[in-house]
Amino acid sequence: KSTILERDFLVPMRTWSNSFAEKGTSPKSRAMLVKVDAFEKEMQKLMKATKSQNQADASASWELGRTVLNEYIDIANKGLSRELRKLDNLPEDVSSFQAIVKRPETTF
């Protein structure tokens, strides 16, 4: 059984990373996959810290995880075609995060 972390983050991140290479892997996809692994490691630490109610470790893991996720986004956005909207980074202040409005319905 897959976890929410795997289903909602890791699998989509790995799939998107692999989409940047036409044959085999590309430097961009390899760099993104390194960030996925680092993000997974930090989220595992975060889950462990929250179970033990260690707020300092949980905060540190969240901050490192956020940083790694932003690095992943930066790599993905680099060289993206003009037709695609670039992803926004996660802000330091979570209260300033703006959720994306609902996806538009398909036109066909």
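The values are calculated or read from the model by the stated rules, or taken from the named source; none is laboratory data. Since this is a predicted model, take the numbers as computed values, not measurements. Here the Cβ positions follow ideal geometry from the backbone for every residue, glycine too, while neighbour counts run over all protein chains shown. Areas reflect the complete protein model, heavy atoms only, side chains present, ligands, DNA and RNA absent. Shrake-Rupley method; radii C 1.70, N 1.55, O 1.52, S 1.80 Å.
Over the chain, give the accessible area per residue in Å² for a 1.4 Å probe, as an integer.
Per-residue accessible area for the chain comes out at 78 Å².
Along the charge dipole of the chain, pointing to its positive end and built from +1/-1 on Cβ of Lys, Arg, Asp and Glu, which listed residue (Leu5, Pro91, Leu64) has its Cα farthest out?
Result: Leu5.
Within the chain, how many Lys pairs that are eight or more residues apart, or on different chains, come under 27 Å at the alpha-carbon?
Lysine pairs meeting the criterion: 23.
With +1 on each Lys and Arg Cβ and -1 on each Asp and Glu Cβ, and nothing else charged, work out how big the dipole of the chain is about its Cα centre, in Debye to the nearest 20.
My answer is approximately 360 debye.
Can you give the helix-only mean residue ellipticity at 222 nm for the chain, where every DSSP H stretch with n ≥ 4 adds -39500 (n - 2.57) and the sum goes over all residues, rounded to the nearest 500 deg cm²/dmol?
Helices in the chain give a 222 nm mean residue ellipticity of -17500 deg cm²/dmol.
What percent does the relative contact order of the chain come to when contacts are Cα pairs within less than 8 Å and at least six residues apart?
It comes to 19 percent, rounded to a whole number.
Could you state how much accessible area Ser59 has, in square angstrom rounded to the nearest 10, with a 1.4 Å probe and all protein chains kept in place?
60
Roughly to the nearest percent, how much of the accessible area of the chain is carbon and sulfur, given a 1.4 Å probe?
After summing per-atom areas, the C and S share lands at 57 percent.
Return the single residue from Arg30, Arg14, Arg85 with maximal mean-square fluctuation; model: Gaussian network over the chain, springs between Cα atoms under 10 Å.
Arg85
Please give the solvent-accessible surface of Asp74 in Å², to the nearest 10, using a probe radius of 1.4 Å with every protein chain present.
80
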